[in-house]
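Below: one structure, written as structure tokens.
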Amino acid sequence: MSAAPTPEISSPPGRAPSPRAAVAMFGLLLLAYAVNAMDRMVFPVLLVEVRGEYGFSLEAAGLQATVFALGMGLAGLPAGWFQRTLGRRRTIVLGTLAFSLATALTTVSAGFTDMLLWRVLSGAGEALQLAAIITVASNAFPARRGMAIGSVNTAFAVGSVIGPALGSVLLEGYGTWRAP
């Protein structure tokens, strides 16, 4: 860990957090990102139920499952501006809130258009969160930068494996696509 202070992590002024505290805080960020990945991978599992309830065509349902990528793309470049303007911590919080709110609103969508909007917004929130998490990984762990960034990818992979399995269990247990 670098001796230079990291102003985005809460610690007394002029002092960097201990290596253990930095790793623990980074671990929480990775957990949040793994939850995002769970959502990304569970939605396609739920498409049959979503299509049945809303009457979406196969093409419309496929768009709903993948349109988050448009949100990620649209918010990718502005994520740098948000980090410069708000700081990493606030950008992570903003991205997490946008992602979480949009995911929750997806479950109460009235139809195709608002669900599409929520899916795009969830991708935008994820883009904000991801850009800031990678920046944190790069700056908080300069001696192990590659490992820190690789752990972000690993968190996504873990969430990608857990999401569909857990989503299927919740779908069967509760009988509604909204549960997962």
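The values are calculated or read from the model by the stated rules, or taken from the named source; none is laboratory data. These numbers come from a predicted model, not from an experiment. Because the Cβ atoms are built from the backbone with ideal geometry, glycine has one as well, and the counts that use them run over all protein chains shown. Heavy atoms of the whole protein, side chains included, go into the accessibility calculation; ligands, DNA and RNA do not. Shrake-Rupley method; radii C 1.70, N 1.55, O 1.52, S 1.80 Å.
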Sites Ala110 and Leu74, calculated FRET efficiency, Cβ-Cβ separation with R0 35 Å, nearest 0.05
0.90
Ignoring ligands, DNA and RNA, what percent of the accessible area of the chain is carbon or sulfur (1.4 Å)?
70
If you roll a 1.4 Å probe over the heavy atoms of the protein chains, what accessible area per residue do you get for the stretch 55-180, in Å²?
50
Spelling it out for Phe141: with amide H atoms placed in the peptide plane at 1.01 Å from N, the residues 5 or more places away or on another chain with amide H under 5 Å from its amide H are none
Which ³J(HN,Hα) values, rounded to whole Hz and listed in residue order, are derived for the stretch 67-78 from phi using the Karplus coefficients 6.51, -1.76 and 1.60 in 6.51 cos²θ - 1.76 cosθ + 1.60 with θ = phi - 60°, glycine and proline given as x?
5, 4, 4, 5, x, 4, x, 5, 9, x, 6, x
Using alpha-carbon coordinates, inclination of helix 19-45 to the longest axis of the chain, degrees:
10
Where does the charge balance sit around Val161 when Lys and Arg score +1, Asp and Glu -1, over other residues with C-beta under 14 Å from its C-beta?
0
Once both labels are modelled 7 Å past Cα along the beta-carbon direction, what's the Asn153-Arg89 spacing in nm?
3.0
Contour minus Cα-Cα distance for Glu49 and Trp81 (0.36 nm per residue)
7.7 nm
Taking the dipole about the Cα centre of the chain, with the C-beta of Lys and Arg at +1 and of Asp and Glu at -1, give me whichever of Ala16, Val48, Val93 is farthest to the positive side.
Ala16
Phi-based couplings in Hz for the stretch 100-113 (Karplus 6.51, -1.76, 1.60; Gly and Pro marked x):
5, 4, 5, 5, 5, 5, 4, 6, 10, 4, 7, x, 4, 5
